[in-house]
Each structure stands twice: as C-alpha cells, then as structure tokens.
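> Let me begin by handing over the structure; questions about it come next.
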Amino acid sequence: MKILIVCSLNSGSVAPFILEQVESLQSSGAEIDYFYIKHKGLFGYLGERKSFLIRIKSFQPKLIHAHYGLSGLLANLQFSIPVVTTFHGSDINDPRIYPFSLLASKLSFHSIFVSERNRQKVGISNKQSFLPCGVNTDLFQPIEKDFARRELGLELSVKYVLFAGAFQNPVKNAKLAQAAVELLPNVILLELKGYTREQVVLLMNAVDAVLMTSLTEGSPQFIKEAMACNCPIVSVPVGDVSEIVQGVLGCRIATYDAFELSNQLQIVLQAGKRTEGRLRIFQLGLDATTISGKVLAVYRTLILNRMDTIID
C-alpha cells in the first residue's frame, strides 16, 4: 500500500505528531513517502501544484493523505488519486482558513477530524471519521522525577509548571498562564520551546504539573503526552481536554480565570502526586499503535471502494 503524505515544511520541520503517525503506519507495513509544502499562505500552497503532480507521477501512490486543510486543498487539485485529509484544529478554528478547509473536506474522499467539535462544525457526513492523533507511548512514558531534573539541569527542590507552548504564540494565551502562576509563591513556569522530543519527555516527568490556557485547540497532543507520562494537568476546557482527562485524579479543569487556575494549580502542587493518565490513554485507545490501525483501516476501505468504482 503506497501512501503519499502531504504536509507543511514551511516552519522548518514537520509536526512531530505527523512524523510519529507515519512511523507507526510504516511499522505496520505501509509504504509511505512525503510531499513537503515549503511556502506559506493560500497562494504559497497552491503554487506547489506542478511539483506535486510530478511527485505523484514518480511515486504513483494508491492514496494521498494530507494533513491540515490547505494541504488537503492542494491534494485535491488532481482527480486520479483519492485523498484523505486530516483536520487538526487550527485549520477549522481559524476563520481565515476555515472556508478553504471546508472546501477541502467536501473535495476529499474521506476527512479525519481529531476533534468531534470540529467535525460537527463542518457538518457530519458518511465520509468522515473522528480520530485523534495517537501518542507514542514508547517515547512518552513515566521517568523518575529527580533523574529527569538532573538531566535537564533543574533544581530538585523547586516547583515547576510546564506551559503548553511558546509564550509568543497568541493562541496559547500565555498571559493568562503567567498571571495564574504569579499568584503562587516559589513556582516557576517553563516555556515549551526549543526542546527535542526526548527533552520534552524529560520535562513532562520533571515538572510538578502542566498548564494549558489555549484559546482554541483540536485534540492537543501536549495533553495526551503529559498523560502518557502520568503528569498532573490543569487546563481550561478547550478542545477535547475535558473528555480525555475525565475521571483522572490529579487532572483538573478550570475556567479562563487566573484566580481559579491558580487555585487548581495549588491543589495539584500541594498533593504532589503523579496521575494514572497513562492508563487512561490506553483505555481510550489513544496510543499510536491503536490509532494507526484505525487509519490503515480507513486507507484499505477507501482503496477497495475506489477499485469497486473503477470496475463498475
């Protein structure tokens, strides 16, 4: 089964959750290659069409899997190969991009939504799936806290909270997180920026809690990865976070209020306990192996349906 992945490289690298899903698919026997989009904006994406058609001719895939709405729009500027498009959240939640994502969804043979809310926003149809990205539980797993802190050069006696992204990203809403942490004595808020994946694993095991205050999300990998490390979580009710952390002691949901977030953080920090989030990830089937199996099932169904259509 030859699959061509269409995704953005305009930030300098491919999103880790895309790479990890592809690795899991490859381990299941799929033959996969990439077409990288190196320009930004609608016209930057559409300007890749000629190169994209050349790549299709050389690789001859059975199916194309595009990640994000604009990639899906580009992928559908050909009619010979069926397209699956995964919508990750920002492509639905950003009003500037939403119309193009909606068009990509209508053109695609199948659409995958990582958030049920976003799927409902587009309009549910029989050529869609709700399928969050899975977590690499071989990489993201519990590690002894003091060891993780020594590896990162962090103080053993300090309370650390890890923020869910870069401070300058407006969607991540860092000002609210900073205001909440400033209300707590002797607590340091760490920015998630510039770390390798292996270092992120260490961070999630080194900190006392993670904090998410985003304005919009789909199905944030940050939360699922923290759960795979049994890290306590405090978050606003964004994306599917409330559903994922439901019933897990040490994971708390708060409103977009600095005082309430601070109170919830204080409860978690005073408890000083790790969670059973990892167990929840497996219970929900959000590990990479389970998710990749479901993605492969989508591929096989589409390819078979495509063959039946050609025969008819």
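The values are calculated or read from the model by the stated rules, or taken from the named source; none is laboratory data. Everything quoted here is computed from the prediction, not taken from an experiment. Positions of Cβ are generated from backbone atoms using ideal geometry, with glycine treated the same way; all protein chains shown enter the neighbour counts.
> Checking the conditions here, which among Ser80, Ser101, Ser125 is within 19 Å of the chain's Cα centre (by Cα), hydroxyl-bearing (Ser, Thr, Tyr) and either modelled with pLDDT under 95 or assigned by TED's automatic domain parsing to the domain that holds Leu53 (or both)?
Exactly one residue qualifies, and that residue is Ser101.
> So the check is Cβ under 8 Å with 6+ separation or different chains; which pairs have a first residue in the range 201-212 that's farther than 16 Å from Lys273 by Cα and touching a residue at least 12 places away in the same chain (Cβ under 8 Å) and a second one that's surrounded by 24 or more Cβ atoms within 10 Å (Cβ to Cβ) and polar (S, T, N, Q)?
The qualifying pairs are Met212/Ser235.
> Are any residues in the range 229-277 of a type in the set (Asp, Glu) and more than 22 Å from Leu139 (Cβ to Cβ), and if so, which ones?
Of everything in the range 229-277, those that are of a type in the set (Asp, Glu) and more than 22 Å from Leu139 (Cβ to Cβ) turn out to be Glu243, Asp257, Glu260.
> Also: Which condition does Pro142 not pass, out of (1) surrounded by fewer than 16 Cβ atoms within 10 Å (Cβ to Cβ); (2) touching a Cys at 6+ places or on another chain (Cβ under 9 Å), if it passes all the others?
With respect to (1) surrounded by fewer than 16 Cβ atoms within 10 Å (Cβ to Cβ); (2) touching a Cys at 6+ places or on another chain (Cβ under 9 Å), Pro142 is out only on (1).
> So which strands (runs of 3 or more DSSP E) stay within the range 170-243 end to end and still have 1 or more residues that are within 19 Å of the chain's Cα centre (by Cα), at pLDDT 95 or above and under 23 Å from Gln21 (Cβ atoms)?
So the answer is 209-212, 233-235.
> Could you tell me which residue of the range 262-276 is farthest from the chain's Cα centre (by Cα), considering only residues that are part of a loop (DSSP other than H, G, I, E, B) and on the phi < 0 side of the Ramachandran plot?
Filtering first and then ranking leaves Lys273.
> Just to be sure, is Ser24 over 19 Å from Leu70 (Cα atoms), out of contact with any Cys (no Cβ under 8 Å at 6 or more places or on another chain), surrounded by 16 or more Cβ atoms within 10 Å (Cβ to Cβ) and modelled with pLDDT of 90 or more?
Yes.
> Exactly one condition in (1) under 30 Å from Ile81 (Cβ atoms); (2) part of a loop (DSSP other than H, G, I, E, B); (3) small (Gly, Ala, Ser) is not met by Gly293; state its number.
(2)
> What residue, of Cys251, Cys229, is at negative phi, touching a Pro at 6+ places or on another chain (Cβ under 6 Å) and surrounded by 14 or more Cβ atoms within 10 Å (Cβ to Cβ)?
Result of the check over Cys251, Cys229: Cys229.
> Please state which of the following conditions Ile18 fails to meet, knowing it meets all the rest: (1) assigned to a helix (DSSP H, G or I); (2) surrounded by fewer than 18 Cβ atoms within 10 Å (Cβ to Cβ).
Condition not satisfied by Ile18: (2).
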